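The values are calculated or read from the model by the stated rules, or taken from the named source; none is laboratory data. Just so it is clear, the structure is predicted and the values come from calculations on it, not from any experiment. With ideal geometry, Cβ positions are generated from the backbone for all residues, glycine too; neighbour counts draw on all protein chains shown. Keep in mind that these areas ignore ligands, DNA and RNA; they rest on the heavy atoms of the full protein, side chains included. Shrake-Rupley method; radii C 1.70, N 1.55, O 1.52, S 1.80 Å.
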Amino acid sequence: MSETKPLRLLVIDDDPAIAQTISVIARSAGLETEITCAPDEFFRALEARPPDFIALDLVMPQMDGVEVMLKLASFGCRARIIITSGLGSRVMDAAGRSATENGLVIAGILAKPFSAGTLRKLLSVEPKTAPMAPPTVTLAASAGALAMADRDELREALRAGKIVPYYQPKIKCRSGRLSGFEVLARWLDPPRGPVPPDHFIALAEREGLIDLLSEVILESSLKWFGARFTNSDVSLAINLSAITISNAAAARDASPVAGFVEHVTRRCEESGVEPRRVVFELTESSAMRDPAASLNLLTRLRMKGFHLSLDDFGTGYSSMLQLVRLPFSEIKVDRSFVSTALVSEESSAVVRSIVDLGHSLGLTCVAEGVEDARTLSYLNEIGCDLAQGFGIGRPMDSDAVDEWMQSRPWRRGENEH
Ligand code: G
Ligand code: G
Ligand code: MN
């Protein structure tokens, strides 16, 4: 006769009283527990009987918790880890991030003193947030499978139409309705295996192919957009390379800037897309590389009616004053804050502040990296305007966009031609 085996918790805490308390609460929740008070004892127990959960004290005399986590990561430990400590939440959040980046599974953070209820919640096997889409493969985990590419291969791919736009939807937080798409370049059938976009974009920038790449993406995405979304307010967001801005800055007169503005305006006309439905996304660092050139280019784009979005906000080092000078209409909160907003007080405070800051400057706020429904409802609560992320829709080719649109309950009115 087989009974289901109870889940097992292994505790490591240099304070036996705390270890006991954790153990008693866990037992009352139906878990089997084992207490250790020093790292060598802990690692012996870990090896003898692998636990489902680990409660780990961050500050201990012989070894600190971060070192223990690094060692656990080197073993490929899959137990769900609960970090405990009396340190402030910012330090504990940082420790949790470091553990996650090393591939460990963090069930949560238990600030001492803690309540029995909080610990019981962390010990439940339900994931903290219900994922709406499969979890992301981190670059580190998949790096082994990724090929490099050289200039000639990229040039050939561009010539052969193998660099194509994919589209990732942005929705309104409040209504869930479609707001627009971000265009993200993808390399189909690369000769030596998958090349991630940030690799080939960087390669294109280094090798002087970025203007060609941008042109290919711009032309093809505008053509699709103009034909697929007529008489609609849906927008198309295109990433603008720092090189485009630098090229403009390198010239003595303003003509390359004017040239770029004229060029994109003409492409829009050809595709029947009004400039007000097009958003250019640029990052803080690319906008700040040459503030004077940026101001010139961005002002001209705005005067034509294009919208401008400040991408990956929160990851750069620019001063707020410089940013305020530039005529952005939208700000995108970096996904590193958004995807951790529900598990980190620090991240949720950053997201909330950026949304408030954006609104006080009259900007539309977009959260990127929204991976689950609970994050979306949190964003709606704090008044964030738009959301984008794997939980809403991955970057897709045009056929997949059609399917995605069909599968949405509120599609009527979005699907107009
Ligand atoms: O698409 P993710 O899917 O991995 O994109 C990685 C990075 O490459 C992002 O920072 C994104 O902004 C950038 N990127 C994707 N497509 C384009 C593009 O067409 N032009 C430029 N300049 N950057 C792009
Ligand atoms: O730098 P920029 O914001 O343009 O980059 C967009 C990048 O973010 C692309 O690489 C895209 O594939 C990725 N992305 C979009 N949504 C999510 C998400 O929900 N989670 C993660 N991890 N990445 C996302
Ligand atoms: Mn972007």
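Here is a list: Glu215, Glu219, Glu153. Which entry is over 27 Å from the mean Cα position of the chain (by Cα) and open to solvent by 30 Å² or more (accessible area, probe 1.4 Å)? Step through it out loud before you land on a result.
Details: Glu215 fails: over 27 Å from the mean Cα position of the chain (by Cα); Glu219 fails: over 27 Å from the mean Cα position of the chain (by Cα).
Result: Glu153 is the single residue among Glu215, Glu219, Glu153 that is over 27 Å from the mean Cα position of the chain (by Cα) and open to solvent by 30 Å² or more (accessible area, probe 1.4 Å).
Give the residue, chosen from Ser115, Ser74, that is within 22 Å of Leu7 (Cβ to Cβ), exposed (fewer than 15 other Cβ atoms within 10 Å of the Cβ) and free of Cβ contacts under 8 Å to residues at least 24 places away in the same chain.
Unique residue meeting the criteria: Ser115.
Taking the range 347-371, which residues are among the charged types (D, E, K, R), in a helix (DSSP H, G or I) and crowded, with 17+ Cβ neighbours inside 10 Å?
The answer is Arg352, and nothing else.
What is the residue count in the range 1-55 for residues that are touching a residue at least 12 places away in the same chain (Cβ under 8 Å), under 24 Å from Ala111 (Cα atoms) and of a type in the set (Gly, Ala, Ser)?
8
Output the residues belonging to the range 372-391 that are part of a loop (DSSP other than H, G, I, E, B) and surrounded by 23 or more Cβ atoms within 10 Å (Cβ to Cβ).
Within the range 372-391, Cys384, Gly389 meet the criteria.
Hey, among the residues in the range 195-209 that are more than 13 Å from ligand 2 (Cβ to nearest atom) and without any contact (Cβ under 8 Å) to a residue 12 or more places away in the chain, which one's most open to solvent (accessible area, probe 1.4 Å)?
Per the stated criteria, the residue is Arg206.
Would you confirm whether any residue within the range 231-241 is touching a Leu at 6+ places or on another chain (Cβ under 9 Å), at negative phi, at pLDDT 95 or above and within 12 Å of ligand 2 (Cβ to nearest atom)?
Checking the range 231-241: at least one residue is touching a Leu at 6+ places or on another chain (Cβ under 9 Å), at negative phi, at pLDDT 95 or above and within 12 Å of ligand 2 (Cβ to nearest atom).
Here is a list: Glu32, Glu67, Glu47. Which entry is under 36 Å from the mean Cα position of the chain (by Cα), open to solvent by 20 Å² or more (accessible area, probe 1.4 Å) and farther than 28 Å from Thr340 by Cα?
Step by step, each of Glu32, Glu67, Glu47 is checked, and only Glu47 is under 36 Å from the mean Cα position of the chain (by Cα), open to solvent by 20 Å² or more (accessible area, probe 1.4 Å) and farther than 28 Å from Thr340 by Cα.
Counting only residues that are at pLDDT 85 or above, open to solvent by 40 Å² or more (accessible area, probe 1.4 Å) and more than 13 Å from ligand 1 (Cβ to nearest atom), how many does the range 278-316 have?
6
Please find, among Arg192, Arg186, the residue that is touching a residue at least 40 places away in the same chain (Cβ under 8 Å) and away from ligand 1 (no atom under 14 Å from the Cβ).
Arg192
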